[in-house]
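What follows is a short report on a single structure.
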Amino acid sequence: MTLDQRVPEPELMEEPEQARAYSDADFAAPHQALVDDLLRRHPSLPERTRRVVDLGCGPADVTARLAGALPDATIVGIDAGPVMLALGRERIAALGLTDRVALAEMHLPATDAALAELGRFDLVASNSLLHHLDDPATLWATVRALAAPGAVAHVFDLRRPTDDNTVDALVERHARDEPAVLREDFRASLRAAYRVAEVEAQLSAAGLVADLRVEPVGDRHLVVTGVVS
Amino acid sequence: MATDQKVEQAWDTPSHDEIPNITKMHVEYLEQTDDDAVWVQAGMHHVMIRTIGRKSGNVHKIALPFWRDPEGVRVVVASFAGHEKHPAWFVNLRDRDANPEVLVRVQDGIFWSTPDILEEGEEHDRLYALLVEDRAWYADYQKRTDRTIPLVRLVESRPAELSDWE
């Protein structure tokens, strides 16, 4: 079946088995690669970053890696799922990062008041959130609300393959030895993901098209990155 | 942007002798500016690719129009306007010893790519058919030659810096 249209998946990963499998999965290599990639694109970040928000932080593995890469920054991770957040808090405590990393439960779209309370950030980062949202405009409005002038925004997500044959090939290539629940998550996420042109249309609608650019990366990702004016 | 990539041919196909010179001049302009006037020619967005010559070891730069596949990945066509031989840039790019990665310069950026080379097969044919829907002259180019015209998907493998280009 061709995937001209996306197949949405549920917003939250809240089945305990699903959340635990996701939290325990070995994402060390791709998550570290994501943070390394962010620093290559924006080399001045470690020096100038004081406040970071990680949207859709899940079990806070990327959040913790951001804390490692940005030694002068405090980081707020937000997620709508209490099960994921509990796993994230365990991780942050185990890594001794509680003085610099806080996790908060928040559902997007959040109210203006809730966003204002978080304040503004020098880096707004997000991994694998966009394709979970009912309305993608929510993410871009949140980026706008939370980015300080001159902040870096960096959104990383899957991109939707051309057809289900390609989905099968990607699941086989990257998740072959994972538990069935994770393989199914990966398959559903690929089918729910956006494509470059779709994200560009979202950026246009959000007035961010001059600031952020979308680039397809590797065999299954896209990155949206730039400086918010 | 990628929603409508249809272009009607409104120019004469250049001769095979003219192509290298046109390319050389275009590269020189592209290296100087980010302007649409230079990066968008005949309604088509362009890329520059830097390859290393598989025999000479020299740096070669080429400017090519690209088309985006349904996922949004840039695709360039090794058509050489239907010439019987592959263009030199493709022969170099295909040589993974000389070019494990190539540098790709786009209008607002630069990246390293390990290109997806489609010389034949189901995926090639499916993409070529979609390409021809938007840019009919590539069907004509295919008719002029016995070789199957390859497609190259230029997906980013890692970020690069402008200083890598020189």
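The values are calculated or read from the model by the stated rules, or taken from the named source; none is laboratory data. Since we're looking at a predicted model, the values are computed, not measured. No Cβ is skipped: glycine too gets one built from the backbone with ideal geometry, and neighbour counts run over all protein chains shown.
Can you report the number of residues in the stretch A:174-221 which are under 21 Å from residue A:162 (Cα atoms), in a loop (DSSP other than H, G, I, E, B) and within 13 Å of chain B (Cβ to nearest Cβ)?
Looking only at that region, the number is 5.
So the check is Cβ under 6 Å with 6+ separation or different chains; which pairs have a first residue in the stretch B:146-166 that's more than 30 Å from residue A:43 (Cβ to Cβ) and a second one that's loosely packed, with under 15 Cβ neighbours inside 10 Å?
Within 6 Å, the pairs are B:148/B:120.
Filter the stretch B:30-71 down to residues that are crowded, with 19+ Cβ neighbours inside 10 Å and part of a loop (DSSP other than H, G, I, E, B) and give me whichever is farthest from the other protein chains (Cβ to nearest Cβ).
If we take residues in the stretch B:30-71 being crowded, with 19+ Cβ neighbours inside 10 Å and part of a loop (DSSP other than H, G, I, E, B), then B:66 is farthest from the other protein chains (Cβ to nearest Cβ).
If I ask for residues that are exposed (fewer than 12 other Cβ atoms within 10 Å of the Cβ) and either over 15 Å from residue B:89 (Cα atoms) or of a type in the set (Lys, Arg) (or both), which ones from the stretch B:19-29 would you list?
B:25
Looking at (1) crowded, with 18+ Cβ neighbours inside 10 Å; (2) more than 14 Å from every other protein chain (Cβ to nearest Cβ); (3) under 24 Å from residue A:223 (Cβ atoms), which one does residue A:45 not meet, given that it meets all the others?
(2)
Going through the stretch A:34-83 one residue at a time, which ones are assigned to a helix (DSSP H, G or I), among the hydrophobic types (A, V, I, L, M, F, W, C) and in contact (Cβ under 8 Å) with a residue 40 or more places away in the chain?
A:34, A:38, A:45, A:62, A:66, A:83
Looking at the stretch A:28-38, is at least one residue within 18 Å of the chain's Cα centre (by Cα) and modelled with pLDDT of 95 or more?
Checking the stretch A:28-38: at least one residue is within 18 Å of the chain's Cα centre (by Cα) and modelled with pLDDT of 95 or more.
Determine, yes or no, whether residue A:86 is part of a helix (DSSP H, G or I), closer than 21 Å to residue A:21 by Cβ and out of contact with any Leu (no Cβ under 7 Å at 6 or more places or on another chain).
yes
Any residue in the stretch B:90-97 that is of a type in the set (Lys, Arg) and either surrounded by fewer than 21 Cβ atoms within 10 Å (Cβ to Cβ) or part of a helix (DSSP H, G or I) (or both)?
So far as the stretch B:90-97 goes, yes, one or more of its residues are of a type in the set (Lys, Arg) and either surrounded by fewer than 21 Cβ atoms within 10 Å (Cβ to Cβ) or part of a helix (DSSP H, G or I) (or both).
Every residue, every condition in (1) in contact with a strand residue (DSSP E or B) (Cβ under 7 Å, 6 or more places away or on another chain); (2) under 30 Å from residue A:164 (Cα atoms); (3) within 14 Å of chain A (Cβ to nearest Cβ), yes or no:
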| residue | (1), (2), (3) |
| --- | --- |
| B:19 | no, no, no |
| B:23 | yes, no, no |
| B:73 | yes, yes, yes |
| B:79 | no, yes, no |
| B:93 | yes, yes, no |
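Please find, within the stretch A:152-170, the residue that is farthest from the chain's Cα centre (by Cα) out of those that are outside any strand (DSSP E or B) and surrounded by fewer than 19 Cβ atoms within 10 Å (Cβ to Cβ).
Filtering first and then ranking leaves A:165.
So how many residues does the stretch A:89-107 have that are part of a helix (DSSP H, G or I), crowded, with 17+ Cβ neighbours inside 10 Å and not basic (Lys, Arg)?
1
Restricting attention to the stretch B:118-166, which residues are β-branched (Val, Ile, Thr) and either modelled with pLDDT under 95 or not in a strand (DSSP E or B) (or both)?
B:132, B:145, B:148, B:149, B:155
Of everything in the stretch B:147-166, what is of a type in the set (Asp, Glu) and within 14 Å of chain A (Cβ to nearest Cβ)? Give them in sequence order.
Once the filter is applied, which keeps residues that are of a type in the set (Asp, Glu) and within 14 Å of chain A (Cβ to nearest Cβ), the stretch B:147-166 yields B:156, B:161, B:164.
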